[in-house]
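> Got a structure for you, written out below as structure tokens; questions coming shortly.
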Amino acid sequence: MLEVAGLDAGYGNVQVLHGLDLAVAGGEVLCLMGRNGAGKSTALKAIMGLVPPAGGAVRLDGVRLDGLPAHEIPRHGLGYVPQGRRLFAELTVAENLEIGLMARGHGAPTRERVLGLFPRLRERLGQVSGTLSGGEQQMLAIARALCLEPRVLLLDEPTEGLQPSMITLIRDTILALKASGVATILVEQRVDAALALADRIAFVVTGRIAETLPAAGLAPEAPAFRAHVGV
């Protein structure tokens, strides 16, 4: 289980997270929702060490990860797909996947399992990633993270700007990972997507978790969405 306790983080003198607490177990999808600027993306970056925490703790099965250099954290089994994908655009699909494999020393069997989730990438292994469509780039960003064979996957708005067929593919991939025991923290703005994927929804307000509710008990018109997301 990934546990985040009392996490403080920000940028320079601007504090964004104020004692943020959350936990996600294997085979569970936890969705972070909130208005723009609430701290959702910063929470993922702080868990990954990309924004150094100023206080609190991040533990994976009891092992402290906060304070580690950012490049060490993926080696403990955390995969991260940032908003905007952040591929190596000048490298091929195969080369981007190879970078993911190197992080934890995985090889061809892992690559084959990942390509089994994204057959379209197999057809484009030699293609420069910057020339892929937006949906294909998102596939590659997720595939690269999965080359870590992560125990926990952090996804920051993976369906943003994608056509419905790509959204369906990414949803199915997240559900397949859930079935395999991977824990997922998902930042999502679309209520319908959150309800289709999440086990629980944590509402982030000014850098704190205001409340966490089971997704099964929520409808799109639920008061929590109106109060914390503005829809």
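> Evaluate E = 1/(1 + (r/R0)^6) for ALA57 and ALA108, where r is the Cβ-Cβ distance and R0 equals 35 Å; express this FRET efficiency to the nearest 0.05. Please report the intermediate quantities before stating the final value.
Working: r = 37 Å, r/R0 = 1.05.
Calculated transfer efficiency: 0.45.
> Can I ask one more? May I ask for the Rg/Rh ratio of region 2-228, computed from Cα atoms with Rh as the Kirkwood radius, given to two decimals?
Working: Rg = 16.9 Å, Rh = 17.8 Å.
We get a ratio of 0.95 for region 2-228.
> A follow-up question, please. Counting Lys +1, Arg +1, Asp -1, Glu -1, what net charge surrounds GLU95 among other residues with beta carbon under 14 Å of its beta carbon?
Numbers: positive: ARG111, ARG124, ARG144; negative: GLU90, GLU98.
Its environment carries a net charge of +1.
> In the chain, if the dipole is taken from +1 on Lys/Arg beta carbons and -1 on Asp/Glu beta carbons about the Cα centre, which of LEU197, GLY49, VAL187 is farthest to the positive end?
Result: GLY49, furthest along the dipole toward the positive end.
> Same structure, new question: State the extension gain, in nm to one decimal, for the chain segment bounded by ALA70 and ARG190, taking 0.36 nm per residue of separation less the distance between their alpha-carbons.
Values: separation 120, 0.36 × 120 = 43.20 nm, distance 2.93 nm.
That works out to 40.3 nm of additional length.
> With the crude spin-label approximation of a point 7 Å out along Cα→Cβ, what separation in nm comes out for GLU221 versus ARG120?
In this crude spin-label approximation the distance works out to 3.5 nm.
> Relative to the Cα centre, what is the charge dipole magnitude of the chain, using +1 at the beta carbon of each Lys and Arg, -1 at the beta carbon of each Asp and Glu, and rounding to the nearest 20 debye? Mind showing how you got there, number by number?
Details: 22 positive and 23 negative charges, 27 e Å.
Around 140 debye, computed over the chain.
Readers should treat all values here as calculations from the given coordinates under stated rules, not as data from a laboratory. Treat the numbers as computed from the prediction; the structure is a model and nothing was measured. Cβ atoms come from the backbone with ideal geometry, glycine included; neighbour counts cover every protein chain shown.
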